[in-house]
Amino acid sequence: MNTAAANVVTYGSSAIVALQSGAALPSQFLTFMLGEDQYAVGILHIKEIIEYGSLATVPMMPACVRGVINLRGAVVPVMDLSARFERAPSVIGKRSCIVIVEVDNGDGDGKQVLGMLVDAVNAVVEIAAGDIEAAPSFGTRIRPDFIAGIGKVNGKFVILLDIEHVLSSEEIVEMARGTVAAHHN
């Protein structure tokens, strides 16, 4: 039996069950697609995966902030990862999802819940430490500080994101200030 295939939990209710069971190890990652590229985030950061629904837009936010959603009474900002990587904004399709993640808010005394708009969620996979290479300093189409490493899954490469950098609230606030300043000039 192929052991790599046995460790894959397919997208759908089983991926949600795997996330909710709390059986997450640092070697487990949620893989998802942005266009033709596959990315992954350590599942310890993942809270849940929800269907793409209606977002409330917020005026004068950076292009990468798609809007906010009401998640059980909490206002959660949703970031378009494609736009965050300085690509065209994601086109909403049948498999578009919002991955709800929890990251340090940068000031050392709390967590922030954010949504990431992705084109499709693939699976929860296990990637052994030996199958993770250091991030290349060039040749990728996203900023090197966004990449935690490159993992090998079933013979294919997946970019492991440093979600703390990608969703840095301080950087987003700076972008928002720049957007507001641009509107006032």
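For segment 89-112, a residue qualifies if it is aliphatic (A, V, I, L, M) and modelled with pLDDT under 90, and exactly one does: V103. Residues in segment 160-175 that are touching a Phe, Trp or Tyr at 6+ places or on another chain (Cβ under 8 Å) and open to solvent by less than 30 Å² (accessible area, probe 1.4 Å) were compared, and the one that is modelled with the lowest pLDDT is V166. In segment 52-71, what residues are part of a loop (DSSP other than H, G, I, E, B), in contact with a helix residue (DSSP H, G or I) (Cβ under 9 Å, 6 or more places away or on another chain) and crowded, with 17+ Cβ neighbours inside 10 Å? Once the filter is applied, which keeps residues that are part of a loop (DSSP other than H, G, I, E, B), in contact with a helix residue (DSSP H, G or I) (Cβ under 9 Å, 6 or more places away or on another chain) and crowded, with 17+ Cβ neighbours inside 10 Å, segment 52-71 yields M61, P62, C64. Within segment 80-94, residues that are farther than 8 Å from L34 by Cβ sit with their Cβ atoms under 9 Å from residues that are among the basic types (K, R), at 6+ positions apart or across chains, in these pairs: D80/R66; A83/R66; E86/R141; E86/R143; P89/R66. Within segment 57-73, can you find the residues that are at pLDDT 90 or above and either touching a His at 6+ places or on another chain (Cβ under 8 Å) or among the small types (G, A, S) (or both)? Hits for segment 57-73 are G67, G73. Taking the criterion of being touching a Leu at 6+ places or on another chain (Cβ under 8 Å), within 16 Å of E171 (Cα to Cα) and part of a strand (DSSP E or B), would at least one residue in segment 82-101 satisfy it? No, segment 82-101 contains no residue that is touching a Leu at 6+ places or on another chain (Cβ under 8 Å), within 16 Å of E171 (Cα to Cα) and part of a strand (DSSP E or B).
One residue stands out in segment 30-51 among those that are in a strand (DSSP E or B) and small (G, A, S): the one that is least open to solvent (accessible area, probe 1.4 Å), namely A40. Would you say G115 is out of contact with any Cys (no Cβ under 8 Å at 6 or more places or on another chain) and at pLDDT below 90? No.
Taking V76 as the residue in question, decide whether it is within 16 Å of I172 (Cβ to Cβ), assigned to a strand (DSSP E or B), touching a strand residue (DSSP E or B) at 6+ places or on another chain (Cβ under 7 Å) and in contact (Cβ under 8 Å) with a residue 24 or more places away in the chain. When the stated conditions are applied, V76 passes them.
Taking every residue in segment 141-158 that is closer than 13 Å to Q38 by Cβ and pairing it with any residue that is open to solvent by 80 Å² or more (accessible area, probe 1.4 Å), at least 6 positions away or on another chain, the pairs with Cβ-Cβ distances below 7 Å are I150/E133; I150/F157. Tell me whether segment 114-130 contains one or more residues that are open to solvent by 10 Å² or more (accessible area, probe 1.4 Å), without any contact (Cβ under 8 Å) to a residue 60 or more places away in the chain and more than 14 Å from the chain's Cα centre (by Cα). Scanning segment 114-130 turns up at least one residue that is open to solvent by 10 Å² or more (accessible area, probe 1.4 Å), without any contact (Cβ under 8 Å) to a residue 60 or more places away in the chain and more than 14 Å from the chain's Cα centre (by Cα).
The values are calculated or read from the model by the stated rules, or taken from the named source; none is laboratory data. Note that the structure is a prediction, hence the values are computed from the model and not measured. Methodologically, a virtual Cβ is constructed for each residue, glycine included, from the backbone with ideal geometry; neighbour enumeration extends over all protein chains shown. For the accessible areas, the whole protein counts, side chains as well, though only heavy atoms, and no ligand, DNA or RNA atoms are used. Shrake-Rupley method; radii C 1.70, N 1.55, O 1.52, S 1.80 Å.
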